[in-house]
1. From the list T94, T81, which one is of a type in the set (S, T, Y), more than 21 Å from H153 (Cα to Cα) and in a loop (DSSP other than H, G, I, E, B)?
2. Keeping to region 87-114, report how many residues are among the β-branched types (V, I, T) and within 18 Å of A223 (Cβ to Cβ).
3. The conditions are (1) charged (D, E, K, R); (2) surrounded by 15 or more Cβ atoms within 10 Å (Cβ to Cβ); (3) without any contact (Cβ under 8 Å) to a residue 24 or more places away in the chain, and D67 fails exactly one of them. Which is it?
4. What are the residues in region 221-249 that are under 16 Å from V20 (Cβ atoms) and under 14 Å from the mean Cα position of the chain (by Cα), if any?
5. Name, by its number, the condition in (1) assigned to a helix (DSSP H, G or I); (2) at pLDDT below 90; (3) farther than 20 Å from G114 by Cα; (4) of a type in the set (A, V, I, L, M) that does not hold for M1.
6. For region 45-58, does any single residue satisfy the condition of being surrounded by fewer than 15 Cβ atoms within 10 Å (Cβ to Cβ), within 22 Å of V116 (Cβ to Cβ), β-branched (V, I, T) and at pLDDT 95 or above?
7. Residues that are closer than 29 Å to V142 by Cβ and either at pLDDT below 85 or not polar (S, T, N, Q) (or both): does region 75-90 have at least one?
Amino acid sequence: MASSISLDAGSLLALVLEGVTYGFSVLMFIGTIWALTYKQRMQDVSRQIAVVAILLLILSTVHIVVDIVRAEDGLVKDRNTFPGGPVAFFADLTQQTVEIKNVLYVLQTLLADGVVIYRCYVVWQSVWVIILPSMLWCSVAVAGVGTTYSFAHIPSNFGSAYVNEQGQPVQWVMAFFASTIATNLLSSGLLAYRIWMIERSVSTLRAKKDTMMPIVRVLMDAAVLYSVVLLTVLFCFVYSNAGEVVIADTLMPIISIAFYMVLIRIAINRKHHNLSTIGMSSRMELGNLQQVRISQFTRDDGTAVYGTGNEDRPSTFTLKSGKGSPEL
């Protein structure tokens, strides 16, 4: 498939799109930190999730900085000195900036996929469920190392950015993307299915339909978003289309966005659940008080019975309404 955009123009467009998606990911990061810390005591904040969110931001930031440096070198500094001009510069995959970008992307992918697998373990509470996702995660790591090594050892005189024409690198790249897509879809599917099953099992215990289905939907939305972008990059790579150059650089912030949107949705759902539980408990206490007042006027002996048979009802109801809410 013929490419309709030159490498220098594609790299510039990729930088612009990466900047837009990176800016959005920063906003999502701020929202994530707010969701994790708002009206929360420090000991209640999930430090592990906060660390992962910060690491994703750091990796995305370093990646866009490297892309800016690479664009400046190819379009400004070495424009007239590099043999073949900007097109040849961006086609040279042996440069150190390319190696750094590949390492950053592999690390970000492993981190994000590892978090999804960990969520599966937390929700299912079974090691057996995550055996296959863990094996796929290991294949992502192996393929990522192989891809990075293959890119670093492409002949310096190779004049095309489409390494699938070289033979060996395409096998590593395709294995990497296929493993990543499989890991993401399988882990997200298992996670969404488990939450859906929990929701079904506890829905009959609730007086109010406080559902966790928004979490299921956002999990699947994030998985589909990431998988569609990965499939698009893989398609462009296999068919030697410069769209790969444009889309591939947006993968880093998109990984962060997919991670942040799930955390924000979980935090919103948890806060809504807590408010609903408090409200229902308050109404139960008010109902108990009214029953006490009625009993004072209806008992023949005039003896007040304050809360007889009612003390445990609010706490029991609160426990049931909160049962099954997974900590992701």
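1. Details: T94 fails: more than 21 Å from H153 (Cα to Cα).
Checking each option against the conditions leaves just T81.
2. Residues meeting the conditions: 1.
3. Among (1) charged (D, E, K, R); (2) surrounded by 15 or more Cβ atoms within 10 Å (Cβ to Cβ); (3) without any contact (Cβ under 8 Å) to a residue 24 or more places away in the chain, the lone unmet condition for D67 is (3).
4. Selection gives L225, V229.
5. All conditions pass for M1, except number (1).
6. yes
7. First pass over region 75-90, keeping only residues closer than 29 Å to V142 by Cβ: 90.
Of the ones still in play, those that are also either at pLDDT below 85 or not polar (S, T, N, Q) (or both) are 90.
Looking through region 75-90, at least one residue is closer than 29 Å to V142 by Cβ and either at pLDDT below 85 or not polar (S, T, N, Q) (or both).
Here's the yes/no breakdown for (1) within 14 Å of L15 (Cα to Cα); (2) basic (K, R):
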site	(1), (2)
I64	yes, no
E72	yes, no
R79	no, yes
T94	no, no
I100	no, no
V103	no, no
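The values are calculated or read from the model by the stated rules, or taken from the named source; none is laboratory data. Worth saying up front: this structure is predicted, and the values here are computed from it rather than measured. When we count neighbours, we look across all protein chains shown, and the Cβ atoms used for this are built from the backbone with ideal geometry, even at glycine.
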